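Everything on this sheet refers to the single structure shown next.
The values are calculated or read from the model by the stated rules, or taken from the named source; none is laboratory data. These figures come from a predicted structure and were not determined experimentally. Here the Cβ positions follow ideal geometry from the backbone for every residue, glycine too, while neighbour counts run over all protein chains shown. Heavy atoms of the whole protein, side chains included, go into the accessibility calculation; ligands, DNA and RNA do not. Shrake-Rupley method; radii C 1.70, N 1.55, O 1.52, S 1.80 Å.
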Amino acid sequence: MQKLSIHGGVPLSGEVRVAGAKNAALPILAASLLTAEPLRLWNVPELNDTRTMVKLLQRMGVSAHVSPGAVELEAANITEPYAPYDLVKTMRASILALGPLVARFGDARVSLPGGCAIGERPVDLHIKGLEAMGASVTIESGNIHATAKKLKGARIFMDTVTVTGTENLMMAACLADGETLLENAAREPEIVDLAQCLIAMGARISGQGTDVIRVQGVAALHGATHAIMPDRIEAGTFLCAAAATRGNVTLTNAPVSSLDPVIDKLREAGAKVHVNGTTLRLEMARRPYAVGIRTSPHPGFPTDMQAQFLAMNTVADGTSVVTETIFENRFMHVQELRRLGARIDIEGNTAIVRGNDKLTGTTVMATDLRASASLVIAGLMAEGETIVDRIYHLDRGYERLEARLGALGARIRRVD
Ligand code: UD1
C-alpha cells in the first residue's frame, strides 16, 4: 500500500494552478446520461473518483474518450442502466446516475451506498424526490430500483440541504413533463456549474445558486461542451497548507468568489490574502491565531475544509472550537493528529483544540479524503518525518498532490 513520507518544517513557497473541481466533475460526467449526443468536458481533474465515474458510465454502455484534462462521453446506447456495488462502495457519488437514468430510460438500478467513514449519509431525499416526480422506487437485493414511464414535474421540498440530492433531482427534472420546483435546494457553486452545463445541453433551469431551483422539463437534451469550474476545496487545502507552514503561495485559476468563507478564516488566522482576478496570493509571516469554525451548507464554512483548518489550529496561538454540523462522525483525523502531539478534546460534534508550539512526526493513517489532507498539512508542519498511510483516500480527490506540494518546496514523496 502506498504512503507519503513528509519531512516537515519547510514554509511552502511558489505558484500552483488549481485543478478542476471533483464535486462539479462527478455530477457533470453523470449528466452525459441525459442525452444521446456527445458531451465534451474540459478541465476534468485526473482523479480516482473521476476515473471511477467514467468506468461506471462505460459499464452502462456509454462510450468515453479520455485525454489529459478532457473527457468526451456519448450515451447513445445504454446496455445496462445499473451502478453495481463494487463501484458504488468506492465512490458514493455513483448515486448521481440514478436521476439521469430514470429520467431518460425510465429504469435505473443503483446499489445502495453503505455507511461510510464520515457518517451514516442516507439517500432518502434522492428517493423521495424521484417518487414525487412519479417514479416507483423499491429496494431489492441491496439495490435502489427506480422506474417511471415518464417523470412528471413536481414541487419538492427537501428538509435537509443535500448537495448530490439537489443535483440528482435537478438532472431528473430536465427531462420530466412540466415544471419542477426544488425547495431548500443546496446552493453550492458546483450545483451552479452543473446547471450551466445542463443549460448548454438545452435544459431550462433558473434559480441555481439560490435555495429555490426551477426546472422546466424539455423533451430531449443535446450535446454540449463545458469546462469544469476550478476546485474550491483543493484551492482551500493549498491555502491552508501555505498558512500552516508560514509560507507564501500563489494560486492561479482560483475559484475566488466561492472561497469567501475560507479566505475570511485565513485572514482571521493572520494570513494576508491578495486577490487579483483569478489569482490568489497568501502570505503568512507568523504563527497562526486559533480560529473558530462552524461548518454549514454553502455559503457557510464548508465541511470539506474542516479537517484542514483543524490541523492548522493544532499549532495555533490560542484555543479554538471547531463544530461539525453536517456529518456526525467527521473527526476521524483527530486521533491521528493526537499521535503527532496535537491537544484536542472532542465533545459531541465539537472539537476543542489547544494550540501547541509544535507537532512531532510519526506514522498516521488516513481515514477519508479530507482527513488525509489534514494529515498531510500536519506532516508539513511537524518536526521530523511523518508517514501518512492509506493514501488511496487522497488519490480519490487530489491530483498529484505530492508533486504539486513538492514544487512548492515541501519535502514529500510517495513510497510503496
Ligand atoms: C456532497 C459532497 C461532499 C460534501 C457534502 C457536504 C459531492 C460528490 N460530495 O456530499 O464532498 O462533504 O456534499 O457539503 O458533491 N442527507 C440526508 N438524506 C439524503 C441526503 C443527505 O439526510 O437523502 C444528509 C446527510 O446525511 C448529511 C447532509 O444531508 O448530514 C448533507 O449531505 P449531502 O449534502 O447530501 O452530502 P453529499 O451530497 O453526499
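Of the residues making up the range 242-275, not one is within 24 Å of Gly379 (Cβ to Cβ), within 16 Å of the ligand (Cβ to nearest atom) and touching an Asp or Glu at 6+ places or on another chain (Cβ under 9 Å).
Test of understanding: among Leu221, Leu239, Leu169, which residue is more than 13 Å from the ligand (Cβ to nearest atom), open to solvent by less than 20 Å² (accessible area, probe 1.4 Å) and assigned to a helix (DSSP H, G or I)? Give the derivation first.
Numbers: Leu221 fails: assigned to a helix (DSSP H, G or I); Leu169 fails: more than 13 Å from the ligand (Cβ to nearest atom).
Just one listed residue meets the conditions, Leu239.
Those residues that are exposed (fewer than 15 other Cβ atoms within 10 Å of the Cβ) and over 24 Å from the mean Cα position of the chain (by Cα), I need them from the range 275-286; list them, please. Correct list: Asn276, Ala285, Arg286.
Of all residues in the range 208-225, which are in contact with a Leu (Cβ under 9 Å, 6 or more places away or on another chain) and of a type in the set (Val, Ile, Thr)? Spell out the reasoning first.
As a first pass, look at the range 208-225 and keep what is in contact with a Leu (Cβ under 9 Å, 6 or more places away or on another chain): 208, 211-215, 217-221, 223-225.
The answer is Val212, Ile213, Val215, Val218, Thr225.
Quick one: which residue in Leu73, Leu98 is closer than 25 Å to Arg17 by Cβ and of a type in the set (A, V, I, L, M, F, W, C)?
On the way: Leu98 fails: closer than 25 Å to Arg17 by Cβ.
Just one listed residue meets the conditions, Leu73.
Answer yes or no: is there a residue in the range 382-391 that is open to solvent by less than 30 Å² (accessible area, probe 1.4 Å), farther than 25 Å from Arg232 by Cα, in a loop (DSSP other than H, G, I, E, B) and in contact (Cβ under 8 Å) with a residue 60 or more places away in the chain. Looking for residues that are open to solvent by less than 30 Å² (accessible area, probe 1.4 Å), farther than 25 Å from Arg232 by Cα, in a loop (DSSP other than H, G, I, E, B) and in contact (Cβ under 8 Å) with a residue 60 or more places away in the chain, one finds at least one in the range 382-391, hence yes. Applying a threshold of 6 Å to beta carbon distances and a minimum spacing of six or more residues, or different chains, the list of pairs starting in the range 323-352 at a residue that is of a type in the set (Asp, Glu) and ending at one that is part of a loop (DSSP other than H, G, I, E, B) reads Glu324/Arg330; Glu324/Asn349.
Of everything in the range 287-308 that is open to solvent by 10 Å² or more (accessible area, probe 1.4 Å) and touching a Lys or Arg at 6+ places or on another chain (Cβ under 6 Å), the residue that is farthest from Ala241 (Cα to Cα) is His298.
May I ask you to verify whether Arg155 is open to solvent by 50 Å² or more (accessible area, probe 1.4 Å) and in contact with a Leu (Cβ under 9 Å, 6 or more places away or on another chain)? So Arg155 fits the description; yes.
Might you check whether a residue that is assigned to a helix (DSSP H, G or I), modelled with pLDDT of 95 or more and under 25 Å from the mean Cα position of the chain (by Cα) occurs anywhere in the range 316-324? Taking every residue of the range 316-324 in turn, none turns out to be assigned to a helix (DSSP H, G or I), modelled with pLDDT of 95 or more and under 25 Å from the mean Cα position of the chain (by Cα).
Condition check ((1) open to solvent by less than 10 Å² (accessible area, probe 1.4 Å); (2) in contact with a Cys (Cβ under 9 Å, 6 or more places away or on another chain)) across all residues:
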| position | (1), (2) |
| --- | --- |
| Ser13 | no, no |
| Leu34 | yes, yes |
| Leu73 | yes, no |
| Ala76 | no, no |
| Pro81 | no, no |
| Asp86 | no, no |
| Arg92 | no, yes |
| Leu96 | yes, no |
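The single condition among (1) open to solvent by 10 Å² or more (accessible area, probe 1.4 Å); (2) more than 16 Å from the ligand (Cβ to nearest atom) that Thr180 does not meet is (1).
Do we find that Ser206 is polar (S, T, N, Q), exposed (fewer than 15 other Cβ atoms within 10 Å of the Cβ) and more than 24 Å from the chain's Cα centre (by Cα) in this structure? Walk me through how you get there before you give the answer.
Working: polar (S, T, N, Q): yes; exposed (fewer than 15 other Cβ atoms within 10 Å of the Cβ): yes; more than 24 Å from the chain's Cα centre (by Cα): no.
Considered against the rule, which asks whether it is polar (S, T, N, Q), exposed (fewer than 15 other Cβ atoms within 10 Å of the Cβ) and more than 24 Å from the chain's Cα centre (by Cα), Ser206 comes out as no.
Is it the case that some residue within the range 132-145 is more than 21 Å from Ser32 (Cα to Cα), of a type in the set (D, E, K, R) and within 22 Å of the chain's Cα centre (by Cα)? Checking the range 132-145: not a single residue is more than 21 Å from Ser32 (Cα to Cα), of a type in the set (D, E, K, R) and within 22 Å of the chain's Cα centre (by Cα).
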